[in-house]
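The values are calculated or read from the model by the stated rules, or taken from the named source; none is laboratory data. Predicted model, so just to flag it, every value in this text is computed and none were measured. Glycine gets a Cβ as well: all are built from the backbone with ideal geometry, and neighbour counts include every protein chain shown. Side chains are part of the model used for accessible areas, which takes the heavy atoms of the whole protein and leaves out ligands, DNA and RNA. Shrake-Rupley method; radii C 1.70, N 1.55, O 1.52, S 1.80 Å.
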Amino acid sequence: MDDNYRNNSQFYQGARDIAKEVKRQTSRQAMDDYSRYQDNTYEGYSANDSYYNSGENAHQDEDAQSDATEGHDEDDEIYEGEYQGIPHPDDIHAQHKDTSLRDEFKDQADLMAERSEDAEQFAYEYENIIQECGHGRFQWTLFFVLGLALMADGVEVFVVGFVLPSAEKDMCLSRSNKGMLGLIVYLGMMLGAFVWGGLADKLGRKKCLVISLIINAAFSSISSFVQGYGLFLFCRLISGFGIGGSLPIVFAYFSEFLAREKRGEHLSWLCMFWMIGGIYASAMAWSIIPHYGWGFSMGTNYHFHSWRVFVIICVLPCTASIIAMKFMPESPRFLLEMGKHDEAWMILKKIHDTNMRAKGEPEKVFTVSHIKTPKQMDEFIEIQSSTGTWFQRWFVRIMTLVKQVWENMLFCFTGQFRRNTVFLAVVWFTMSLSYYGLTVWFPDTIRYLQDEAYASKVKIFHGEKVNNFEFNFTLENQIHKDGTYENDKFVKMKLKYVTFEDSTFNECYFEDVTSSGTYFKNCVIESTVFYNTDLYKDKFIDCTFINSSFYSEKKGCHIDFEEDNDFLIYLVSFLGSLSVLPGNIISALLMDKIGRIRMIAGSMLISAVCCFFLFFGNSESAMIGWQCLFCGTSIAAWNALDVITVELYPTNKRATAFGILNGLCKLAAIFGNSIFASFVGITKVVPILLASTALVGGGLLSLRLPETRELVLM
């Protein structure tokens, strides 16, 4: 071996000795003395130094030669990773220890400045690494796995709306209870977005996503079996809390595997799975819920109707995503942010090798051997297993985590992020208020138009007198006024939207009667028997009972016949979900060409124009058409908002910020559902003007946001 290589080996051995001396320094004076010594003498070492060329250290030359060629460390232990390009753990640990020793003598401002500079350098370095890994089989596999999680989020939004018509009959829900059931899912999703988004930046994207999906799948399944309204409401709340974390985590997670030129397009393609979730839920509801025989009963108190089968079917995308996530790695960008260099390096190498094999280039080598990790700022309090009780240890850990998550949330509203967060919050809120408000208002308005048409066909009977007659057929959409019924029998029949006003029933007999929308108003009921009916006291308004009896009333509420217009809910939702397909395709293809800001502003302003045409929607077909147009034009703004949100924030704040904004989105959905639904059948002006104004204001404000399509992921 030549002298130059031997001298270099001697140089490395001497440097290691000096590093050991540095680690033993415990005071500032010692470090300063060593620094002066290093400045004066370290650069003076050369190939002619008598210490490194003395004959008495010949064995050290041989050891150094062995270290350099055979991968031995200073203790002559074999380290095989050197042949694979993996940095030696001792070198990394020693570097981190030296860095932490120096950091003790720096103030927080200096550390923040250094971290900011390191973060910028690290962002460009990571971008180059992702480009070297390529875009191929690995990203497409992750795309479909995360798509299932996003699909589960879309399904969750539609589930309650589809089961409400059946659940309200099955559980005897009042109007207020129906409204609460419709809003409870959004409340759970709002809380879930805040919590899981914050935790994902501290515990990891994969771990939090899997836990949130498991919570959603478990409580969604349980909700299909519970009979009581209160327990059902609680299960849907926790189910929404679980799935609320999917949207913030999925986009933050997937973006960290994408290079800059692929990010906008492929995040937009990922948004299509939300649409697929809506289509899946609509199709399953249409196929399952109307088949009331697809269930079973256990006695008179437990019923498992078809709508409960539908709830179980809607859990399948979430379950499939949980299983598939077992084979996916953690985000390497997150691992590097946490200082886990080796684990991140192995994942990046796996991505590179997977893509290269798929491209037919298995021999291509991953050239990255070391990645500079950002400076660590957080201080995590860890107590030994022998300290305190298990409860105290866990309490300290949990409170520390809560404190870190809370500080992370507050940081999104301070410093350089304050302006962007406030602007994004307003845009998210206005977009959500209009979109979710109108998507509830459309089907409710269409149903109102149908109810008006149904009511216009009502048959009215005045002063009829019926004696000794047996009713054993269905009466539907009728009003009977001033009638007299004597010694009549109502047996095994159905009353559907029938009203008896100012009528007299004398010595009549009701048996096995089921009813819906049926009322007796200001009637006199004398010597009449009600046996095994669901004609409860609340269906008799201002009535007078004389020697009448009720026996063996039907327990609970029953789904005895199908509403003819129930299918309209499924049809409207199906067409609304399908109509966003063209907008999804266009936004994905143009996202990186025209930019995120123009996409948001243009989409919101065009959607606002579509809202004004709703004034001309006076029929069911017209309302369905305008709904499809509105959904199709607004989807581009949703996609661009998702993309720009993950690009405006650094890795350690990305999921937190997305969670905050998505939580505000769900809060706006709650307001939108409540406000818009209250004007159904009263006026069109308020919903249309409110939605249009919000869209115009949010679209114009979005122009103040910075464009991010040319930026690397910080």
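Quick notes on this one:
- Residue within segment 514-521 that is among the charged types (D, E, K, R), modelled with pLDDT of 90 or more and surrounded by fewer than 15 Cβ atoms within 10 Å (Cβ to Cβ) present: no
- Residue pairs whose Cβ atoms lie under 8 Å apart, separated by 6 or more positions or on different chains, with the first residue in segment 414-426 and of a type in the set (A, V, I, L, M) and the second not in a helix (DSSP H, G or I), are Val422/Phe413; Leu424/Leu648; Leu424/Leu705.
- Residue count for segment 639-655, restricted to those that are touching a Pro at 6+ places or on another chain (Cβ under 8 Å) and open to solvent by less than 10 Å² (accessible area, probe 1.4 Å): 1.
- Among residues that are open to solvent by 20 Å² or more (accessible area, probe 1.4 Å), more than 30 Å from Ala636 (Cβ to Cβ) and hydrophobic (A, V, I, L, M, F, W, C), Phe473 is included.
- Answer residue from segment 538-570, given it is surrounded by fewer than 16 Cβ atoms within 10 Å (Cβ to Cβ) and assigned to a helix (DSSP H, G or I) and is modelled with the lowest pLDDT among those: Phe567
- Among the conditions (1) more than 30 Å from Met714 (Cβ to Cβ); (2) part of a helix (DSSP H, G or I); (3) out of contact with any Ser or Thr (no Cβ under 6 Å at 6 or more places or on another chain), Asn216 misses just one, which is (3).
Every residue, every condition in (1) touching a residue at least 12 places away in the same chain (Cβ under 8 Å); (2) of a type in the set (Lys, Arg); (3) more than 15 Å from Val646 (Cβ to Cβ), yes or no:
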| position | (1), (2), (3) |
| --- | --- |
| Ser221 | yes, no, yes |
| Arg236 | yes, yes, yes |
| Gly240 | yes, no, yes |
| Ile249 | yes, no, no |
| Phe254 | yes, no, no |
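Yes/no per residue for (1) open to solvent by less than 10 Å² (accessible area, probe 1.4 Å); (2) assigned to a helix (DSSP H, G or I):
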| residue | (1), (2) |
| --- | --- |
| Phe232 | yes, yes |
| Leu258 | yes, no |
| Gly264 | yes, yes |
| Trp274 | no, yes |
| Tyr280 | no, yes |
| Ser287 | no, yes |
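- Unmet criterion (only one of (1) part of a helix (DSSP H, G or I); (2) farther than 30 Å from Lys653 by Cα; (3) in contact (Cβ under 8 Å) with a residue 40 or more places away in the chain) for Phe225: (1)
- Reported count of residues in segment 660-714, each being closer than 26 Å to Arg418 by Cβ, open to solvent by less than 60 Å² (accessible area, probe 1.4 Å) and touching a Pro at 6+ places or on another chain (Cβ under 7 Å), is 1.
- When Asp201 is tested against the conditions (1) among the acidic types (Asp, Glu); (2) at pLDDT below 85; (3) buried (at least 22 other Cβ atoms within 10 Å of the Cβ), the lone failure is (2).
- Qualifying residue in segment 240-254 (condition: out of contact with any His (no Cβ under 7 Å at 6 or more places or on another chain), part of a helix (DSSP H, G or I) and open to solvent by 40 Å² or more (accessible area, probe 1.4 Å)): yes
- Filter result (in contact with a Cys (Cβ under 9 Å, 6 or more places away or on another chain) and open to solvent by less than 20 Å² (accessible area, probe 1.4 Å)) within segment 393-424: Thr421
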